[in-house]
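To keep things clear, I will list the structure first and then write my remarks on it.
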Ligand SMILES: [Zn+2]
C-alpha cells in the first residue's frame, strides 16, 4: 500500500516541536491517554519492539511521542488529511465515498493512514521509516476515535462552528471534543492530574466496560485493521454531538456531562485497540479478534 510519499523528516529535529504545548487533534492529553492505555496492554515482546523504535526524546514512553504527527503537520502538509475522515453528515462512514484528501486523493484519510502504517510495520521490507510509521499509527488510532474527526465536511468536523465554553473561552466545536471536555474533567475531578484520569478510565475497563471490552478489538470486516468500523462508530457519535452546539452557542454543564462519558470511552477504546494492533504486529500474537472475517 505504498501510496504515501516517503518521509524525509529527521525525528530529532522534530523533537522540540513535539514537546511544544501545541494541542491539536484529541489534544495532547487525549493522545497521551490513548497511548498510555495501549502501553498497558502490550506483551513484553511488543513493548520491547515499540521501545526499540521510539525516538530517544520519548524516553521509552510511547505516550510521550503520540502527538508527534500533530507537531510535524506543517512540515508534512500531505499528512494533514490523514488525521480525519469527514462525511456528508449522514452519521455514516463509507470508505469509498469518504476516504480521500481535500483534492480527492484516494485513501488519504485517517482510515487509509491506519491501514497504510499497519501494513508498513507488518512488512519488514517496507521502505517506510519504522519509527515514523509507529508514531503515525499510534496517533491516528487516537484521532479516529474522536467523533469530530469523522464529523461533517461542511463545517470541517466542527472547526468552523464557533462556540463559547462555560461563558468564558471562545473556541470551536472540534476543539471542545479535542481538548475542552478533557481539560474540564481533569480540572474538576482529577486535580489537573493526567495520570489520575488515566487510572479512572482504566478502572472503568475492569468495571463498567468489562463485559464489552474484550469485543472492542474484534471486527467483522475484511479490512486490514478494522479501522472502517472505528470511523463508522465515530461518524455515528458525531451526529448527537452537533445537537445543542449550534454556531455561536454557549456550552456548559449540560453539554459537558453528555460528552464526557463518550470521550472517556473513546479514549479507552482507542487504547485497547492500539494495544491489540501493536501486539499483533510486534509479537506475532495471532489475535483473531483483530482480523476475524
Ligand atoms: Zn491528529
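So, residue 218, is that one within 21 Å of the chain's Cα centre (by Cα) and in a helix (DSSP H, G or I) or not?
No: the conditions fail for residue 218.
Restricting to region 116-151, count the residues that are under 14 Å from residue 81 (Cα atoms) and away from the ligand (no atom under 14 Å from the Cβ).
1
Hey, any hits in region 29-39 for a residue that's more than 14 Å from the ligand (Cβ to nearest atom), at pLDDT 95 or above and more than 14 Å from the chain's Cα centre (by Cα)?
Checked against the condition, which is being more than 14 Å from the ligand (Cβ to nearest atom), at pLDDT 95 or above and more than 14 Å from the chain's Cα centre (by Cα), region 29-39 yields at least one hit.
Quick test for you: out of 247, 199, pick the one residue that is outside any helix (DSSP H, G or I), out of contact with any helix residue (DSSP H, G or I) (no Cβ under 7 Å at 6 or more places or on another chain) and surrounded by fewer than 19 Cβ atoms within 10 Å (Cβ to Cβ).
247
In this structure, does residue 162 turn out to be within 14 Å of the ligand (Cβ to nearest atom), farther than 21 Å from residue 29 by Cβ and modelled with pLDDT of 95 or more?
Against the criterion (within 14 Å of the ligand (Cβ to nearest atom), farther than 21 Å from residue 29 by Cβ and modelled with pLDDT of 95 or more), residue 162 does not qualify.
Give region 74-90 a look and list any residue that's crowded, with 17+ Cβ neighbours inside 10 Å and either farther than 20 Å from residue 30 by Cβ or within 12 Å of the ligand (Cβ to nearest atom) (or both), or say none.
76, 79, 81, 82, 83, 84, 85, 87
The values are calculated or read from the model by the stated rules, or taken from the named source; none is laboratory data. None of the values given here were measured: they were computed from a predicted structure. Backbone-built Cβ (ideal geometry, glycine too); neighbour counts: all protein chains shown.
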